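A.B. asks: What follows is a structure written as structure tokens; I'll ask about it next.
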Amino acid sequence: MIKRNSGIIVNISSGLGYAKVPYLTAYSASKAYINHLTNILRTEYSNSGITIQTLCPLMVSTNMSKKGESIFILNVKKMVESAIKTIGISDECSGTIAHQIQSSIFGLPQFILDFGAKFQVQAFKKFADAEREKASKQQ
């Protein structure tokens, strides 16, 4: 890519890379790392002709999310089709207009996000406990 003075790198992160998410600590932290890594690479290769973008979708209908499709939850194919259209337009995006609107919440002050997260802790804890129990039964 450097020799050609062109190329595209899209690193897939998540909106959860911007949030403190109890019981999804490793996932959230790994996505924050991807965001940071991509920002550094973008700076390092800023004059190379390489487009480097971070895709930070919110909920997508996958085996991991176990969620069905809705206006805010797209299937993977629709997410990819939408996200491809953003390459070269912005350094970082959520991939869809619906997710971009939802992502605006991450611009709120951290103490407000933390306060809101307290109300979600119980739901995440129940999810994590159920996953642990399911995993222990499979062993």
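A.B. asks: What size of dipole, in debye to the nearest 20, comes out for the stretch 7-138 about its Cα centre when the only charges are +1 on Lys and Arg C-beta atoms and -1 on Asp and Glu C-beta atoms?
C.D. replies: Working: 14 positive and 9 negative charges, 97 e Å.
With Lys and Arg at +1 and Asp and Glu at -1, about 460 debye.
A.B. asks: Within the chain, what percent of beta bridges assigned by DSSP are antiparallel, to the nearest 5? Don't skip to the end; give the middle numbers.
C.D. replies: Numbers: 0 of 10 bridges.
Given both bridge residues lie in the chain, the antiparallel proportion sits at roughly 0 percent.
A.B. asks: Pairs LYS85/LYS118; LYS85/LYS126; LYS85/LYS125; LYS20/LYS137: which are spaced more than 31 Å apart, C-alpha to C-alpha?
C.D. replies: Violating the 31 Å Cα-Cα cut-off are LYS85/LYS118; LYS85/LYS126; LYS85/LYS125.
A.B. asks: Can you run phi through the Karplus equation (6.51, -1.76, 1.60; θ = phi - 60°) for the stretch 101-118 and list ³J(HN,Hα) in whole Hz, with x for Gly and Pro?
C.D. replies: 5, 4, 5, 4, 4, 5, x, 5, x, 4, 5, 6, 4, 4, 4, x, 5, 4
A.B. asks: Using a Gaussian network model of the chain whose springs link C-alpha atoms within less than 10 Å, name the residue from ILE50, ILE97, ILE112 with the highest mean-square fluctuation.
C.D. replies: Maximum among the listed residues: ILE112.
A.B. asks: Hey, could you grab the Kirkwood Rh for the stretch 7-138? Inverse mean 1/r over distinct alpha carbon pairs, Å, one decimal. If you can, show how the numbers build up before the last one.
C.D. replies: Values: mean 1/r = 0.0620 Å⁻¹.
Across the stretch 7-138, the inverse of the average 1/r is 16.1 Å.
A.B. asks: Ok, one more. Show me 53-60, 28-35 ranked by packing, highest mean number of other Cβ atoms within 10 Å first. Intermediate values should be presented prior to the final figure.
C.D. replies: Working: 53-60: 22.2, 28-35: 16.4.
Ranked by mean Cβ neighbours within 10 Å, highest first: 53-60, 28-35.
Where a number appears in this text, it was derived from the coordinates with a stated rule and is not lab data. Everything numeric in this text was worked out from a predicted model, so none of it was measured. Positions of Cβ are generated from backbone atoms using ideal geometry, with glycine treated the same way; all protein chains shown enter the neighbour counts.
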